[in-house]
Amino acid sequence: MTLALTQSDFRANLKKYLDQVNDDDETVYVARSNSRAVAIVSQEKMDWLERALKAKEGSLEYAIARDQLIKRNVLPDDEIVKSDDNYWGQFKHDETKI
């Protein structure tokens with residue numbers, strides 16, 4: 001679930017919302033003045049997003065990052081790709097790069 005808050009609500013309940021970001025893997029959007037907004041995500045989620053963006057599509061590193069983002073409901077599950085031994089086996093030659 002994603003939360004959208006005002007800046008004053010976020011400030012008043014800072015600990016509660018930061019705990020939700022970390023414990024429940026929530027993304028919190030905080031509306032600010034002048035139509036500006038910020039998104040708050042956990043460091044772990046941000047790390048996986050950055051790994052996916054930097055990795056070469058089709059590499060083991062990309063597949064692992066993509067899998068983690070699916071688990072965190074950042075990306076939709078891909079019904080076409082079945083995450084089984086055959087899928088992960090295609091990356092055997094990439095294991096030394098991680």
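The values are calculated or read from the model by the stated rules, or taken from the named source; none is laboratory data. Owing to the predicted nature of the structure, the values given are computational and were not obtained by experimental measurement. Please note: Cβ atoms are built from the backbone with ideal geometry, for glycine as well, and neighbour counts cover all protein chains shown.
Sort out for me the helices (runs of 4 or more DSSP H) sitting completely within region 1-72 that have 1 or more residues that are surrounded by fewer than 16 Cβ atoms within 10 Å (Cβ to Cβ) and either among the acidic types (Asp, Glu) or touching a Cys at 6+ places or on another chain (Cβ under 8 Å) (or both).
Details: elements: 7-12, 14-23, 43-54, 60-71.
So the answer is 7-12, 14-23, 43-54.
The condition (being closer than 30 Å to Asp9 by Cα, more than 14 Å from the chain's Cα centre (by Cα) and without any contact (Cβ under 8 Å) to a residue 60 or more places away in the chain) is satisfied by just one residue among Val74, Val21, Val30: Val30. Within region 56-80, being modelled with pLDDT under 75 and over 30 Å from Leu3 (Cβ atoms) holds for one residue alone: Ile80.
Can we say Asn13 is among the polar types (S, T, N, Q), farther than 21 Å from Ala65 by Cα and at pLDDT 95 or above? Quick ask: steps written out before the conclusion?
On the way: among the polar types (S, T, N, Q): yes; farther than 21 Å from Ala65 by Cα: yes; at pLDDT 95 or above: yes.
So Asn13 passes the test.
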